[in-house]
Amino acid sequence: MDLSMIIRPEHTFIGVSVATKWSGLQNIAEKAASAFGIEERKILQALESRESLGSTGIGNGVAVPHAVVEGMTHPRGLLVRFARPLDFEAVDDVSTDIAFALLFGEANRGEYLNVLAAIARQLQTPGVLAAMRKARTAEELYSDFLADSRI
C-alpha cells in the first residue's frame, strides 16, 4: 500500500498545541476540513463518535483517529505531531504525541484495516518512530515516516 497517496506532505503538521484528546480531534477536524473540502462539523462529529466507542490510541505514543465521513471519495489522512503528549487513553497508557487521522467514505470503509496495517508496518521499521519524534519540520516528519517504504 502506498501511504503517500493517503497522507500527503502538505497534510503533515508538527508542534500542534492542544490540551486534550478532544481539542486534538477538533484541531484535526479543522485541518481536515481545509485540506479535503468537507464540512468541519461533519468530520468532528464522525471522529468524536468513533472515539466514544473506544480509544484509537494504539500504543507507543501513537493514535489513529479514524472515521467514515460523508463526502469523502478516497481514503485520506493527516499526520500530526502534538507539541505535548496527550492522554488518548491508549491501550498501554502511554501519552500520544503522534496521530494519524484517517478519513474514509462509506465505499472505502473496508480499506481502513489495510491502511492501519501499513502504518503499523512503517512504525515497526527500526528507527522510524524515533526519527519522527526528532524531526524539526513537517517535511522531516513526513520524510522520516515514509523513508523506508521507498527503498
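Computed from the coordinates by the stated procedures, all read-outs in this text should not be read as laboratory data. All of these numbers come straight from a predicted model, not from anything done at the bench. Positions of Cβ are backbone-derived with ideal geometry, glycine not excepted, and every protein chain shown enters the neighbour counts.
Observations, loosely collected:
- Karplus (6.51, -1.76, 1.60) ³J(HN,Hα), θ = phi - 60°, over segment 137-145, in Hz, Gly and Pro reported as x: 9, 4, 5, 5, 4, 4, 4, 5, 5
- Largest GNM mean-square fluctuation across 117, 46, 33, computed for the chain with C-alpha springs under 10 Å, falls on 117.
- Dividing the summed -39500 (n - 2.57) terms of all DSSP H runs of n ≥ 4 by the residue count of the chain sets its mean residue ellipticity at 222 nm at -12000 deg cm²/dmol.
- Note: relative contact order over segment 1-133, using C-alpha pairs below 8 Å and six or more positions apart, is 27 percent.
- Across segment 112-151, C-alpha contacts under 8 Å between residues 6 or more apart give a mean separation that, scaled by the residue count, equals a relative contact order of 37 percent.
- Taking Cβ atoms as reference points and 11 Å as the exclusive limit, the residues near residue 11 contribute a net charge of +2, counting Lys and Arg as +1 and Asp and Glu as -1.
- Estimated D of segment 57-105 in µm² per second, where Rh is the Kirkwood radius over Cα pairs and Stokes-Einstein applies at 20 °C, 1.002 mPa s: 192
- Under a 5 Å amide H cut-off, with hydrogens placed 1.01 Å from N, residue 59 pairs with 91, 92 among residues at least 5 apart or on other chains.
- Phi angles across segment 74-81 convert, under the Karplus curve 6.51 cos²θ - 1.76 cosθ + 1.60 with θ = phi - 60°, into 3J(HN,Hα) values of 9, x, 9, x, 10, 10, 10, 10 Hz, Gly and Pro given as x.
- Selected from 34, 52, 17 as most flexible by GNM, with the chain as the system and alpha-carbon contacts under 10 Å: 52
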